[in-house]
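Working notes, structure below.
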Amino acid sequence: MRIETDLKLGFKDVLIRPKRSTLKSRAQVNLDRTYTFLHSGKQWTGVPVIAANMDTVGTFQLAEVLAEHKMLTAIHKHYSVDEWNAFLKGKDDDIYSRIMVSTGTSQEDFGKLKSIFTSNPKLEFICIDVANGYAEAFVEFVRRVRDNHPEKTIVAGNVVTGEMVEELLISGADIVKVGIGPGSVCTTRVKTGVGYPQLSAVIECADAGHGLGGRIISDGGCICAGDIAKAFGGGADFVMLGGMLAGHDESGGELVERNGQQYKKFYGMSSATAMEKHAGGVAEYRASEGKTVEVPYRGAVSETVKDILGGVRSACTYVGASALKELTKRTTFIRVQEQENRTYS
Ligand code: 5GP
């Protein structure tokens, strides 16, 4: 046994220190980023915020709206090949740089991925997603997908430490997804005691990943636009959102009404709800590591998107960053013991 005593920080432990700036308005801030990916060699330009591949978030309907804002959606893995084909029929070419095809790591997943790409060769992104990205079999799967799809941009995760980011990049990932335990409907830390405060994970993984020419996604734990700004400030190339995009017209999940209030169902992909829906129940050997909740219904997602992007733009103006690209180098975090004033919340 060993104890690491360095302090590790979450979003709630810091604020961004303001800096003198010549920017006149947040309208001047450019949120587009352009990346050229390590293995695929593909160039991508857009607003690097991604909807999570959860069936109550990353739907085709949400993707259509987020694409209008140049944002990405990791489409959840439970759509059939036919549903994929139907969705893409007649779509503009722009959609291909705004969506990711998610997959697990079973033989069946591998076959389905192949079918989706064979029918739709213009698709660009593959998101290989497991709860625990530390298994050797996972790394092996990433290698296999890289060998079979040399020109596609591969996202792999989740991990939270630099050495594993490096291993995944060396094994064929272009982008590594970072986050174990911070998610709004995640119970991994409670069920297993395993995790890593998200901001420190992002800072350390970005350092390791950028050293090899890779990119990282901060996945989970953002509860407000300020947290997204902190993730970018910490070095994240992309930020993935679940809960912040749940509860809208375009998010999946049933709409329920109670006492005149409307709610939408939102659940973790390892929750009992998800396992019952997609895997015929919670297997004997495992515990569910996700919650099922009802979030207040929030209407059209476009208003939330404006709020999110407005917040990030404003963060940039406070530190004098005229583009999102400059935010990390202009960020100084201060450790704090307070966040917002909650008198009226
Ligand atoms: P949020 O933005 O809601 O805080 O976090 C979204 C992320 O939580 C997802 O992208 C995914 O990485 C993670 N997540 C989704 N479902 C589950 C689950 O059932 N269990 C755990 N441990 N994490 C989950």
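Observations, loosely collected:
- Any chance PHE87 is more than 25 Å from ARG215 (Cα to Cα) and either crowded, with 17+ Cβ neighbours inside 10 Å or under 19 Å from the mean Cα position of the chain (by Cα) (or both): yes
- Across segment 191-208, a minimum of one residue is classified as surrounded by 24 or more Cβ atoms within 10 Å (Cβ to Cβ) and either more than 16 Å from the ligand (Cβ to nearest atom) or of a type in the set (Ser, Thr, Tyr) (or both).
- Near pairs, Cβ below 6 angstrom, 6+ apart or cross-chain, from segment 44-57 (hydrophobic (A, V, I, L, M, F, W, C)) to any residue that is in a loop (DSSP other than H, G, I, E, B) and near the ligand (Cβ under 9 Å from one of its atoms): ALA51/VAL57; ALA51/GLY58; ALA52/GLY58; ALA52/GLY242; MET54/GLY242; MET54/MET269; VAL57/GLY242; VAL57/ALA246
- Only one entry in VAL185, VAL202 is under 16 Å from the mean Cα position of the chain (by Cα), β-branched (Val, Ile, Thr) and closer than 25 Å to THR45 by Cα, namely VAL202.
- Residue among ASP92, ASP129 that is closer than 30 Å to HIS248 by Cβ and free of Cβ contacts under 8 Å to residues at least 24 places away in the same chain: ASP92
- Hits in segment 293-344 (condition: outside any helix (DSSP H, G or I) and within 30 Å of ASP55 (Cα to Cα)): VAL293, GLU294, VAL295, PRO296, TYR297, ARG298, GLY299, ALA300
- Residues in segment 162-184 that are within 16 Å of the ligand (Cβ to nearest atom) and touching a helix residue (DSSP H, G or I) at 6+ places or on another chain (Cβ under 7 Å): VAL165, LEU168, ALA173, VAL176, VAL178, GLY179, ILE180, GLY181, PRO182, SER184.
- Within segment 261-277, being under 22 Å from GLY220 (Cα atoms) and not in a loop (DSSP other than H, G, I, E, B) holds for TYR263, LYS264, LYS265, PHE266, TYR267, SER271, ALA272, THR273, ALA274, MET275.
Computed from the coordinates by the stated procedures, all read-outs in this text should not be read as laboratory data. Everything numeric in this text was worked out from a predicted model, so none of it was measured. All Cβ positions, even for glycine, are placed from backbone atoms using ideal geometry, and neighbour counts span all protein chains on display.
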